[in-house]
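The values are calculated or read from the model by the stated rules, or taken from the named source; none is laboratory data. Given the structure is predicted, the values throughout are model-derived calculations rather than measurements. Because the Cβ atoms are built from the backbone with ideal geometry, glycine has one as well, and the counts that use them run over all protein chains shown.
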């Protein structure tokens, strides 16, 4: 079995039972994810981004899906997931963010807590792929070394990941995006206005 396939093998029923389906050990709850979806939709409205296509890259169990579809009802929602188990269970698009291609780019790309699972080269390819897939705004978060040391609840956090610095991610993203804070990035050249103190 290749190293790439081994990377997806752990995302089976047992993994999701522990980190998503069991309320005692779940890493995130539905109310938290509804609030996150509201934040994403509010940013799109604030930036003047008409959202017609959304890519949820590494959508997991789909915790953002219903709220994003409610708040952005005109948008086509594409749930991309590498877990064979989840794709079979929910009918998501089976694919890997570092390789995924689309004929038409997305106005909004969401990638929530995925890239810490990818080894270095795959993570770099995924970050470069965001620039091909996104023509508007990117919402991106990943567990960083600093978050693991200071912010997360380790009893609910998968430690079998690649911990990198926030600087590592920002340096890669700034090649094609402008940072807007709170995990939001605007594709360079997108016809959106960010005020000077809103962007990094």
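A few remarks follow.
- Residue 73 being in contact with a helix residue (DSSP H, G or I) (Cβ under 7 Å, 6 or more places away or on another chain) and free of Cβ contacts under 8 Å to residues at least 24 places away in the same chain: no
- Matching residues in region 66-87 - criterion: being more than 23 Å from residue 126 (Cα to Cα) and out of contact with any strand residue (DSSP E or B) (no Cβ under 7 Å at 6 or more places or on another chain): 66, 67, 70, 71, 73, 74
- Here region 154-200 is the region considered, the condition is being loosely packed, with under 13 Cβ neighbours inside 10 Å and in contact (Cβ under 8 Å) with a residue 60 or more places away in the chain, and the residue that is farthest from residue 23 (Cα to Cα) is 193.
- Spans of strands (runs of 3 or more DSSP E) in region 123-200 with at least 1 residues out of contact with any strand residue (DSSP E or B) (no Cβ under 8 Å at 6 or more places or on another chain): 177-181
- Residue 20 vs. criteria over 25 Å from residue 194 (Cβ atoms), modelled with pLDDT of 95 or more, surrounded by fewer than 21 Cβ atoms within 10 Å (Cβ to Cβ) and under 17 Å from the mean Cα position of the chain (by Cα): no
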